[in-house]
Amino acid sequence: MADSILIIDFGSQVTQLIARRVREAGVYSEIVPFQSAELAFHRIKPKGVILSGGPESTTDIGSPRAPDVIFNSGVPVLGICYGQMSLCVQTGGVAEPSDHREYGRAYLEIVGKSPLFDGMWDEIGSKHQVWMSHGDRVVELAEGFEVIGVSENAAFAAFANEDKRFYGVMFHPEVVHTPDGAKLLSNFVDHICGCKADWSMAAFRDEAIRKIREQVGDGKVLCGLSGGVDSSVAAVLLHEAIGDQLTCIFVDHGLLRMNEAEEVVSLFREHYNISLLHVDASEMFITALEGESDPETKRKIIGKLFIDVFEAEAKKIGGAKFLAQGTLYPDVIESVSFSGGPSTTIKSHHNVGGLPERMNMQLVEPLRELFKDEVRSLGRELGLSRVFVARHPFPGPGLAIRCPGGISREKLDILRQADAIYLDEIRKAGLYDAIWQAFAVLLPVQTVGVMGDSRTYEFVCALRAVTSVDGMTADFFHYDMEFLGRAATRIINEVKGINRVVYDITSKPPGTIEWE
């Protein structure tokens, strides 16, 4: 079993970035909420533990704590922000609310030597930029601890107990605003915990195949295939592991991008020779959605119908004991939240509810340890074409949520055309790979316009594009006006029903669940 680091989540919006940095150091990491940390500690037997930041105060009654077994186990512990406070008070120190909060850029002065700072902050008295976000402060350390870093408003900005290998930092090393933070985390994982940097995608593939075979034995597996990157990579991985024991069910709900259904069927039937059942249920879905404007109701309609159709097809096949799906690590993190959310919901591409007990199937989720970009890396490892692996994410409800307001066949057709033109222009401009996700939205607004000698009363189309690395956070893509003008002109000229195009400057903060 590969060396691993356990990350105990106290609710920080950037906890996921800690896992990213550890994995970038070549070591497997797993995030668990503090409520289930003790079970996870015994399960994965980590070589080190990191305590995340969080919004609570250790002075509040009932505030989160790490399980005591962590501190008595002999493994190294690194506390970050709130995690530093928790480490302090749980080892006999004192923390309290501060009169001088620090949020944003600060400068850490090195006052003590530590392997945590090896190769980066070795010089006593040197100052280094870090990113702070705290309202409490440490005021007293337990015996055996020493201060190794201070800031203007934090006399205990970094401390260490080298004998026990306990370390606490008030700043966030996981964010890019702490320029040397990744090196600090690498020092903890590599030098202090002694982890081997042996977590690679090739190693993951081999281990995942072993786990799949161990779980399913000679049983039949059904895979809900949406045609997106996640479910497609899961399907190819499963096929490599169990071959003909796998059957994929592709429920075509009529809310896909232009020509997408045909591309999916061609890829899996002709290129991979995977058993694929293509169910055209578009009439059923669109009829049920027609006129519906509430977004949550749309999701519930789609989710219910998807499960109904999938269950009916599964019964026709018969004998399947396992249901595979492309659950990713962000889905796990966000569904099992700091406050304790549901973790067993079916994460199909139409997920809105739990897997019905009547289906009597076990879940197989071979990608649940991976971030989005890691799934793409696995796809390349499995031989999926670069063009397919690099496709922009497409949310399960598809065009239904990119068509706010009432759904109609006419509006879906208009949106599908506009979206295809937009993506075509992005590819022609050589921008597709620079963008994490781009799509068109047909707004529930019609405006008066003049085209030639005639007045029009047609829809407004919004264009979105964002940049990201792993899908956890994002910012809008900076187009130049020449591109936007070219794309907008084509859409207005070629799509009957749209007379105005706007660019929607949007971003995705940490903690949101779905791209829309």
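Every number here is computed from the coordinates shown, using simple stated rules; none is lab data. Just so you know, these numbers come straight off a predicted model, no measurement behind them. Backbone-built Cβ (ideal geometry, glycine too); neighbour counts: all protein chains shown.
Answer with one residue from 371, 138, 125: the one whose Cα lies farthest towards the positive end of the charge dipole of the chain, charges on Cβ with Lys, Arg +1 and Asp, Glu -1.
Among 371, 138, 125, the one farthest towards the positive end of the dipole of the chain is 371.
Over region 407-469, what is the relative contact order in whole percent, taking alpha-carbon pairs under 8 Å and six or more residues apart?
Taking the mean separation of contacting Cα pairs over the length of region 407-469, I get 32 percent.
Given the DSSP H assignment, sum -39500 (n - 2.57) over each helix run of at least 4 residues in the chain and divide by its residue total; what's the result at 222 nm in deg cm²/dmol, nearest 500?
Rounded to the nearest 500, it is -9500 deg cm²/dmol.
Run down the lysines and flag those whose C-alpha is under 17 Å from the C-alpha of residue 300, throwing out any fewer than 8 positions away in its chain.
Straight-line reach from residue 300, under 17 Å: 347.
Let's see if you can work this out: charge +1 on each Lys and Arg Cβ, -1 on each Asp and Glu Cβ, no other charges. What is the dipole magnitude of the chain about its Cα centre, in debye to the nearest 20?
940
Taking the alpha carbon gyration tensor of the chain, what are the square roots of 5 times its eigenvalues, largest first, to the nearest whole Å?
Values for the chain, descending: 45, 29, 20 Å.
Tell me which GluC sites (Glu not before Pro) from region 108-213 have a DSSP coil assignment and no more than 14 other beta carbons within 10 Å of their own.
Here the GluC sites (Glu not before Pro) that fit, given the DSSP loop and packing criteria, are 123, 143, 152.
What's the magnitude of the charge dipole for region 28-100 around its Cα centre, counting Lys and Arg as +1 and Asp and Glu as -1 at the beta-carbon? Answer in Debye, nearest 20.
Charge dipole, region 28-100, about its Cα centre: 420 debye, nearest 20.
How big is region 133-229 by the Kirkwood estimate over distinct Cα pairs, in Å?
So the Kirkwood estimate lands at 17.7 Å.
Please compute the contact order of region 40-113 in relative form: average sequence separation of alpha-carbon pairs under 8 Å and at least six residues apart, divided by the residue count, as a percent.
Averaging sequence separation for qualifying contacts and normalising by length gives 33 percent for region 40-113.
Before anything else, pin down the relative contact order of the chain: Cα pairs under 8 Å, at least 6 apart, normalised by residue count, whole percent.
This gives 11 percent for the chain.
Compare the Cα positions of 95, 279, 417 along the charge dipole of the chain (+1 at Cβ of Lys, Arg; -1 at Cβ of Asp, Glu; about the Cα centre) and return the one farthest towards the positive end.
After comparing all options, I get 279.
What is the dipole size for region 283-328, taken about its Cα centre, with +1 at each Lys and Arg Cβ and -1 at each Asp and Glu Cβ, in debye to the nearest 20?
Here the size comes out at about 320 debye.
List every residue whose amide H lies under 5 Å from the amide H of residue 436, counting only residues 5 or more places away in sequence or on a different chain, with H placed 1.01 Å from N in the peptide plane.
Result for residue 436 returns 466, 467, 468.
Using the charge dipole of the chain (Lys, Arg: +1 at Cβ; Asp, Glu: -1 at Cβ; taken about the Cα centre), state which of 167, 192, 463 has its Cα farthest towards the positive end.
Sorting the options by dipole projection puts first 463.
For region 415-458, report the convex hull volume of the alpha-carbon atoms normalised per residue, in Å³, without decimals.
Hull volume over Cα atoms, normalised by residue count, gives 96 Å³.
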